[in-house]
1. How much FRET efficiency would the formula 1/(1 + (r/R0)^6) give for residue 178 and residue 155, where r is the Cβ-Cβ distance and R0 is 30 Å, rounded to 0.05?
2. Using DSSP to call loops (not H, G, I, E or B), can you name the GluC sites (Glu not before Pro) in region 384-450 whose Cβ has at most 15 other Cβ atoms within 10 angstrom?
3. Can you give the translational diffusion coefficient of region 411-457 in µm²/s, computed by Stokes-Einstein from the Kirkwood radius over Cα pairs at 4 °C and 1.567 mPa s?
4. Return one whole number: the accessible area per residue of region 1-113 in Å², for a 1.4 Å probe.
5. I'm checking a number: the convex hull volume of the Cα atoms of region 433-493, normalised per residue, in Å³. What is it?
6. With each label point set 7 Å from Cα along the Cα-Cβ vector, what nm distance links residue 478 and residue 268?
7. Cα-based Rg of region 1-99 per 2.2 N^0.38 Å, rounded to two decimals?
8. Give the value in nm², to one decimal: projected area of the alpha carbon convex hull of region 261-408, averaged over all directions.
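The values are calculated or read from the model by the stated rules, or taken from the named source; none is laboratory data. Nothing here was measured: the structure is a model prediction, and the numbers come from that model. Neighbour counts are summed over all protein chains in view; Cβ atoms, including those assigned to glycine, are modelled from backbone coordinates with ideal geometry. These accessible areas exclude ligands, DNA and RNA; they are computed on the full protein's heavy atoms, side chains included. Shrake-Rupley method; radii C 1.70, N 1.55, O 1.52, S 1.80 Å.
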Amino acid sequence: MMAQSDLDLKEMALKEDLKFYFMNPCEKYRARRQIPWKLALQILKILMVTTQLVFFGLSNQLVVSFKEENTVAFKHLFLKGYSGTDEDDYSCSIYTQQDAYDSIFYVINQYRDLKNISLGTLGYEHEESGLKICKQQYKRGTMLPSNDTLNIDVSTETECILLKPKELTGKKAELKLNSSFFNLEFYRLIQVEISFKLKGIALQTIHARELPDCYAFQNTITFNNRAHSGKIKVYFDSDTDIQECKDWHIFNSVLQKNTQYILVFDGFVILSCLASLILCTRSIVLAWRLQKRFVNFFLEKHKRRVCYADRLEFLNGWYVLVIISDVMTIIGSILKMEIKAKNLTSYDVCSILLGTSTLFVWVGVIRYLGYFQTYNVLILTMQASLPKVLRFCCCAGMIYLGYTFCGWIVLGPYHEKFEDLNTVAECLFSLVNGDDMFATFAQIQEKSSLVWMFSRLYLYSFISLFIYMILSLFIALITDSYDTIKKYQQSGFPATDLHEFLKDHSNAGYRKDRTSFPLICCCRRQQSDDNLILIN
């Protein structure tokens, strides 16, 4: 009888703790008057993280616009005859030998007179650097197209020349420009590559009350003659690197104060995320302990193990999401503070971390809406339909990959949207969503009647199969899960061992805390209650 009494007391205490664990913050406050500090902290964190992201987004927008505008300016400065619009995936093209020579020497002259013609804050990297010109060509050969004869050594050779800024203004420049290096044999020429490095300073950030950044632009102009088709494609590539300004003096206290205020705000964001991380980690640990207590008690009383679904009830996925978001926010905020202090320039890494963490924070708001039955339908439907949707996507993905490979190999030479696998996948995904259908049909070149007929059969079959069948089945899976959830909400969800265990327990037996410390109730707790009172 003593053992049975102890078992009953243990069962009552466990039921009480389980009931309390599965309450929402409002119910927990009414039951034990524990202020939901974690909920308040999450709401505060949402506001702070979003504000931080907005500030960083405005700063990052200035960086991106400065890069893009400089790239456009470089194309107009160094590409002869550039129209302002790129031709396909290359900037422009030339068709005569004279145009090739004029374009190459045009780059040299513009580089030499850069400080006199450029509107931007640009300069050479240093005096020892300069304009590097390399030509790649076949070693030797003869070609007589009229006699259908070709004699060529396909091994290539590369020859380079360096033109320094000082040399371009002296007599040595004329000797180098008139050397045999610039005598191009176009039937052997593969490509000419011109590379140079420039530096600039972004002063527009001063108007946004931020310290300016220093930039290094590695520009490369490639005259591509690999096809030897009579058309040389000219590619312009600019690789931008943000560097720390070595020596700067800005005589305005507003910029310094604004930077200090933002750094302090970022520090508060880190502290709030750190507190949220500690609380959520503590909640997961306590939930694991409670799950272990329940499994051991169930095994002791009923001589069988708890099912896997009941064990997963104790794993709160929202806490895991919050922990991941907090870690990303802390790392991103540290990077942002270093960027703001001009010690680092990792804008892309910082934006990915802060953007993803903010996404997770706002997704986590659904958890609090889920406390209301009306808004909980979305979460429950997603949970119920996810396994079936994943299995369905695996089967549909095999068909999708088959169409992707087929379209690439057959239609690639005749349609720009099928030139590579990545573009084909994006084009087909657009067709599934009903975008750009007529243009995809119309842009098929009719040079080959067989390919044109195949393209019609290919596109019609893909659109019919995915839009009218696969997409409809995909929607039906979600609709079926939604109907099931609606029926469960009316008639009750299937009861598991955990639900049966808590069914007969009422709220009348809840203990009140012996002492009330509303400001420190999440941190201070009596030792005797550690195994009973769990997360808030």
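1. On the way: r = 29 Å, r/R0 = 0.95.
Efficiency, rounded to the nearest 0.05: 0.55.
2. For GluC sites (Glu not before Pro) across region 384-450 that sit outside H, G, I, E and B with at most 15 neighbouring Cβ atoms in 10 Å, the list reads 446.
3. 119 µm²/s
4. 53 Å²
5. It is 66 Å³ per residue.
6. For residue 478 paired with residue 268, the spin-label model returns 3.9 nm.
7. Normalised Cα radius of gyration, region 1-99: 2.64.
8. Values: hull surface 58.7 nm².
So the mean shadow area of the Cα hull is 14.7 nm².
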